[in-house]
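Structure, as structure tokens:
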Amino acid sequence: FAATQMTGLVSQYLMEQRTREDTQAAENLAAAAGPLFERADGESLNQLLTESANSLNGRLMVIDRDGKIQFDSMNAFCGQRTEVNEAIRVLNGDGLEAYGMYHSGRETAARMSGESEAEYIAYCAREISGSTGSLGVLLYVSRIQAMMDSQHTVQMQLWRVFAVVMLGALGMALVLSRVVTNPIVSLSRTMRQMGKGDLSVRARVRGSGELRELAESYNSMAD
């Protein structure tokens, strides 16, 4: 139970930290892209998206109010309508931003993030606003496979630590159990021998405390 709780806390912390980082990056980029998108400065907007995507090691898209992708840092989805739920939610007015992590599988993760071996992906959508109100959405496709791998590694290490501690505690309990029970077993054996008529047997007096007193009292009784 303790191992499960600890690994859960570690996973939660890593995910919350990544969520904060991604949403902050998307918020800053949406603010920077807004004026460029409003005045249709495609060259500057493309440059901003490309440089920022390289810096973030992710993918950036600008989507207009109709859900059509106008700019894509990977130049693959321009002109297509977005199917990303987070972007659609923001376009529909369900908050200024939306974030989601998914175990989408290799095909989807590779198509959206460009990582061929990835299975996990995150989407962060942030509203782009201008002088006339909402202009669309900036979509940040975040590559989180490395984070998920690190999380798995940490979880395995924690499980190993807890397993070693548990085995150590079990071994200690067995040793202490033998230390405590052996004198009692020895005394019981002595009593059975006397019960069979061997009046010469005596209990071994060892240790300290109640067990020693018990052995001494028994020997006195036997004498």
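Brief remarks on what is shown
- The set of residues in segment 72-88 being open to solvent by less than 80 Å² (accessible area, probe 1.4 Å), part of a strand (DSSP E or B) and in contact with a Gly (Cβ under 7 Å, 6 or more places away or on another chain) is empty.
- Criterion violated by residue 67 - all others in (1) at negative phi; (2) in contact with a Leu (Cβ under 8 Å, 6 or more places away or on another chain) satisfied: (1)
- Condition check for residue 117: surrounded by fewer than 12 Cβ atoms within 10 Å (Cβ to Cβ) and within 30 Å of residue 84 (Cβ to Cβ): yes
- Check on residue 104, among the hydroxyl-bearing types (Ser, Thr, Tyr) and at pLDDT below 90: yes
- Selection from segment 122-176 of residues that are within 22 Å of residue 100 (Cα to Cα) and open to solvent by 90 Å² or more (accessible area, probe 1.4 Å): 152
- Complete set of residues in segment 56-71 that are buried (at least 20 other Cβ atoms within 10 Å of the Cβ) and either within 23 Å of the chain's Cα centre (by Cα) or outside any strand (DSSP E or B) (or both): 58
- Near pairs, Cβ below 8 angstrom, 6+ apart or cross-chain, from segment 121-142 (on the phi > 0 side of the Ramachandran plot) to any residue that is open to solvent by 10 Å² or more (accessible area, probe 1.4 Å) and outside any strand (DSSP E or B): 136/37; 136/65; 136/91
The values are calculated or read from the model by the stated rules, or taken from the named source; none is laboratory data. As the structure is a prediction and not an experimental result, all values here were calculated from the model. Because the Cβ atoms are built from the backbone with ideal geometry, glycine has one as well, and the counts that use them run over all protein chains shown. Calculation scope for accessible area: heavy atoms of the full protein, side chains included, ligands and nucleic acids excluded. Shrake-Rupley method; radii C 1.70, N 1.55, O 1.52, S 1.80 Å.
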